[in-house]
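*Asks:* One structure is given below, represented as structure tokens, and several questions about it will come after.
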Amino acid sequence: PRDPGPYHFGDFADPEGLRLDPECETYLTEAFKPLGVYLAFWGDGDQDAKSPRTQWFPIRGGEERTFEVVLVNDDQEPASGELVLSLETPDGKVLASNEKPFRIDATGKTTQGLSVRIPRENGRYLLNATARPEGGRHKGPTISRRKISVQPIP
């Protein structure tokens, strides 16, 4: 029999102290910002089954790729700034980036396409979409991340 009490399915490093796992906290912090950023990419094939906790999404390498980035403004005022798509090594070295200005209406939504060249070499990289809003209303950028793995795709 199951205890009918309240449940939380969050990822806690310390459940009694309600301290989230650091990686989970990083993603949740971004998810609850008033300017939402969503990198609409989930891979070119099946995910890496060897690491179920930290999924690396497969991608074909050696070509210029355009990625859709969805911006959602939960604020009652319009937002504008710079949208940056970057490809980095896991240690933070930027291999490629592209940027363009954005403007989004109050409580609005928009989709922008940005492209970067994906390396030909097999390996693991971080794909980041970062919205940097102008003005003092926002406390900083909002980031959407994908862990990608360049590999041959059948």
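The values are calculated or read from the model by the stated rules, or taken from the named source; none is laboratory data. Quick caveat, the model's predicted, so the values are computed rather than measured. Please note: Cβ atoms are built from the backbone with ideal geometry, for glycine as well, and neighbour counts cover all protein chains shown. Note: areas computed on protein heavy atoms with side chains; ligands, DNA, RNA excluded. Shrake-Rupley method; radii C 1.70, N 1.55, O 1.52, S 1.80 Å.
*Asks:* Surrounded by 13 or more Cβ atoms within 10 Å (Cβ to Cβ), closer than 16 Å to V72 by Cβ and either without any contact (Cβ under 8 Å) to a residue 60 or more places away in the chain or out of contact with any Leu (no Cβ under 6 Å at 6 or more places or on another chain) (or both), is that true of P141?
*Replies:* Here the answer is yes, as P141 does meet what is asked.
*Asks:* Scanning for something open to solvent by 70 Å² or more (accessible area, probe 1.4 Å), farther than 23 Å from F57 by Cα and touching a residue at least 24 places away in the same chain (Cβ under 8 Å), does region 88-100 turn up at least one residue?
*Replies:* no
*Asks:* Do we have any residue at all in region 67-74 that's of a type outside the set (D, E, K, R) and modelled with pLDDT under 95? Write out each step before concluding.
*Replies:* First, the residues of region 67-74 that are of a type outside the set (D, E, K, R): 67, 69-73.
Narrowing the set further to residues that are modelled with pLDDT under 95 leaves none.
No.
*Asks:* Go through region 1-21 and give me each residue that's at pLDDT 70 or above and open to solvent by 100 Å² or more (accessible area, probe 1.4 Å).
*Replies:* Listed by number, the residues that qualify are E16, L18, R19.
*Asks:* Looking only at region 101-135, count every residue that is of a type outside the set (S, T, Y), open to solvent by 40 Å² or more (accessible area, probe 1.4 Å) and over 26 Å from E23 (Cβ atoms) and tell me the total.
*Replies:* Looking only at that region, the number is 8.
*Asks:* Just give me the residues in region 105-134 being without any contact (Cβ under 8 Å) to a residue 40 or more places away in the chain and in contact with a Leu (Cβ under 6 Å, 6 or more places away or on another chain), in sequence order.
*Replies:* Within region 105-134, Y125 is the sole residue that qualifies.
*Asks:* For C24, all conditions in the list (1) surrounded by fewer than 15 Cβ atoms within 10 Å (Cβ to Cβ); (2) modelled with pLDDT of 80 or more hold save one; what is the number of the exception?
*Replies:* (2)
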